[in-house]
Amino acid sequence: MLRKISLISAMLLPVPALAHPHVFVDVEMAVVFQPNGEVAVRLDWVYDAYFSMLVTSDLGIDMNGDLQLTPEEQALLDEQIAAWPPDFDGDLEVLQGERTMPLGPKRDHAMVYRDGLLRETHLRPVAQVADRNAPLTILPYDKTYYIAYSLAGNVRIEGRDDCEASVIPADLNAAYSLVDELLYGRPASDVGPDEEFPEVGRSFADTVVVTCAGLL
């Protein structure tokens, strides 16, 4: 995940931009039902153009600006995102009812650089399905709101034709009110580098609800 690079790249941002969030990511999502009963969430994270440019510059790739990577540059990019930090949970929450479901390690992890944008794709298996009759609730978000995730396009369902996904957009007015309350009216840009930004990311998360006609 590019979080370990983003801290370096964010140092290059102009001072007025140093407010939460720093990175903007479009999320393309698919819920995958396997024949063996496994359920997983496939995510494509498409990073914003400015952050993508900062990362490629930081890594010293695509320096000729042709928006194409050499095999050596692709290998370097893959190396940087191959391993997630041990404390990184994947910025994904999956629930059934009020229970947060454990997620398995990422699979099918890849990074693509296309048209000047970085795209990180991976599959997150849901380790257990507690109630096979209950809908799944899925939220992509960064707890600290350092990264802003926004759902892009329709949520796809793969492996079944009796399920549908609905999206509940984040209540941004309520989310910004929470930030204002927790910061006691201070603007986010006033939060210093040594201060912890409140964990408000969940309030900014779009919510996906998956329901099926039969059993999960």
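Nothing in this text is a laboratory measurement; each read-out follows from the coordinates by a stated rule. Treat the numbers as computed from the prediction; the structure is a model and nothing was measured. Heads up, the Cβs are rebuilt from the backbone with ideal geometry, glycines too, and the neighbour counts pull from every protein chain shown.
How large is Rg/Rh for region 32-81, to two decimals, with Cα atoms and a Kirkwood Rh?
Using Cα coordinates only, the ratio equals 1.19.
So, in nm, how far is label ALA83 from label ALA127 when the simple model puts each one 7 Å beyond its Cα toward the Cβ?
In this crude label model, ALA83 to ALA127 measures out at 2.0 nm.
If we count other beta carbons within 10 Å of each Cβ, what is the order of LEU172, LEU123, fewest first?
Fewest-to-most ranking of LEU172, LEU123: LEU172, LEU123.
Would you tally the net charge around VAL46, using a Cβ to Cβ cut-off of less than 9 Å, leaving VAL46 out, and scoring K and R as +1, D and E as -1? It would help to have the intermediate numbers written out before the result.
Working: positive: ARG119; negative: ASP26, GLU28, ASP44, ASP48, GLU120.
Net charge in that neighbourhood comes out at -4.
Could you tell me which chymotrypsin sites (Phe, Trp or Tyr not before Pro) in region 37-120 are loop residues by DSSP with no more than 16 other beta carbons within 10 angstrom of their beta carbon?
PHE88
Below 9 angstrom from the Cβ of ARG124, what's the summed charge of the other residues (Lys, Arg +1; Asp, Glu -1)?
+3
What is the fewest-to-most order of ASP62, ASP115, ASP78 by other Cβ atoms lying within 10 Å of their Cβ?
If I rank by nearby Cβ atoms, fewest first, I get ASP115, ASP78, ASP62.
GluC sites (Glu not before Pro), restricted to region 81-139: which are DSSP loop and have at most 14 other Cβ atoms within 10 Å?
Numbers: sites: GLU93, GLU98, GLU120; in loops: GLU98.
Passing both the DSSP loop test and the Cβ count: GLU98.
Put a dot 7 Å past each Cα toward the Cβ at LEU182 and ALA213; how far apart are the dots in nm?
Simple spin-label model gives 4.2 nm for this pair.
Based on other C-beta atoms within 10 Å, arrange MET111, MET101 from fewest to most.
So the residues, fewest neighbours to most, are MET101, MET111.
If R0 is 45 Å, what FRET efficiency do you get for ASP66 and THR100 from their C-beta distance, rounded to 0.05?
Between ASP66 and THR100 the formula returns 0.55.
LEU151's amide H: which non-local residues (gap 5+, or another chain) put their own amide H closer than 5 Å, with H modeled 1.01 Å from N in plane and none for Pro or chain starts?
For LEU151, the qualifying residues are VAL27, ASP206.
For region 35-162, just list the percent of Cα-Cα distances falling in each 5 Å bin from zero outward, please.
Result, from short to long distances: 2, 8, 17, 21, 17, 14, 10, 6, 3, 1, 0 percent.
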